[in-house]
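Enquirer: Could you have a look at this structure, given as structure tokens, before my questions?
The values are calculated or read from the model by the stated rules, or taken from the named source; none is laboratory data. Just so you know, these numbers come straight off a predicted model, no measurement behind them. All Cβ positions, even for glycine, are placed from backbone atoms using ideal geometry, and neighbour counts span all protein chains on display.
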Amino acid sequence: MTLKDFFTLHPKAALAYSGGTDSAFLLYEALSLGADVKPYLVRSCFQPEFEFQNALDLSGKLGAEPEIIIADVLSDDVIRSNPANRCYYCKRSIFSSIAEKAAEDGYKVLIDGTNASDDLNERPGAKALSELGVLSPLRECGLTKPDIRRLSHEAGLNTWNRPAYSCLATRVKTGETITRERLEAVEKSEEFLFSLGFTDLRVRTSSDTAKLQFPAEQLPAAFEKLDEIKKELSRYFREISIDPEGRKASL
């Protein structure tokens, strides 16, 4: 099956849109193929501000104004308690909200950007999408992450080489309560590290400590700037350290 085949079968659909490499390419392709696809962009404290703004900017350039859905994810006691399968509950809540609003708008089919490289066994949220009947055109068409990056580059999309950026909740150690304050501390810390020129990084937090993960090639620079980093991040964390093993690069 090709994406053209998919959208011939499903010419009208709601897209769970984040502005990342996958959903951005899917939106571009759907519009290029003449499908009636409306993007739905969820705004929650799990998403950093820069990612939300990037999603808005790109959809505007593509000529598709997204429907913004405000999600108070921390009002759910289970999500806030941060169990190992938190992503299942979060995805189910968010996608249920999208499906409800999309149905009101006349969109009965809901699609997302899951691709053929994604290991569903490692994604608790995939179960929720399956239960809700969410379709994944990129996966159904056998498009892998490298395929999507290559095709995005050919299409002139600025998301083609954008690193994967998982939600801020993934930074909090499993089993520790997620609070708005902890998420803000992580977001501000990562913003500062980005401002120093680092990329594709993570600030992992447990209790009041932070472990910084950088790609291996950025570790020398990170250790060189460690004093400067500690001075800034000590506003949010009692103890700051760098993971010496580095971070495996995202696809």
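Enquirer: Quick check on the range 125-132. Is at least one of its residues assigned to a loop (DSSP other than H, G, I, E, B) and within 18 Å of the chain's Cα centre (by Cα)?
Expert: No, the conditions are met nowhere in the range 125-132.
Residue-wise test of (1) out of contact with any helix residue (DSSP H, G or I) (no Cβ under 9 Å at 6 or more places or on another chain); (2) part of a helix (DSSP H, G or I); (3) closer than 23 Å to ALA99 by Cα.
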{"site": "GLY142", "(1), (2), (3)": "yes, no, no"}
{"site": "GLU154", "(1), (2), (3)": "yes, yes, no"}
{"site": "ALA169", "(1), (2), (3)": "no, yes, yes"}
{"site": "PHE194", "(1), (2), (3)": "no, yes, no"}
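Enquirer: If you take the residues of the range 1-38 that are under 28 Å from LYS188 (Cβ atoms) and not in a helix (DSSP H, G or I), which of them is farthest from the chain's Cα centre (by Cα)?
Expert: ALA16
Enquirer: Any idea which of (1) at pLDDT below 95; (2) within 17 Å of VAL134 (Cα to Cα) is the one ALA30 doesn't satisfy?
Expert: (1)
Enquirer: Can you work out which of the residues in the range 190-204 that are in contact (Cβ under 8 Å) with a residue 12 or more places away in the chain and over 18 Å from GLY246 (Cβ atoms) is surrounded by the fewest Cβ atoms within 10 Å (Cβ to Cβ)?
Expert: GLU191
Enquirer: Of all residues in the range 39-53, which are surrounded by 14 or more Cβ atoms within 10 Å (Cβ to Cβ), assigned to a helix (DSSP H, G or I) and in contact (Cβ under 8 Å) with a residue 60 or more places away in the chain?
Expert: GLU51
Enquirer: Which one is nearest to LYS173 (Cα to Cα) among residues in the range 210-234 that are assigned to a loop (DSSP other than H, G, I, E, B) and in contact (Cβ under 8 Å) with a residue 24 or more places away in the chain?
Expert: Ranking the candidates gives PHE214 first.
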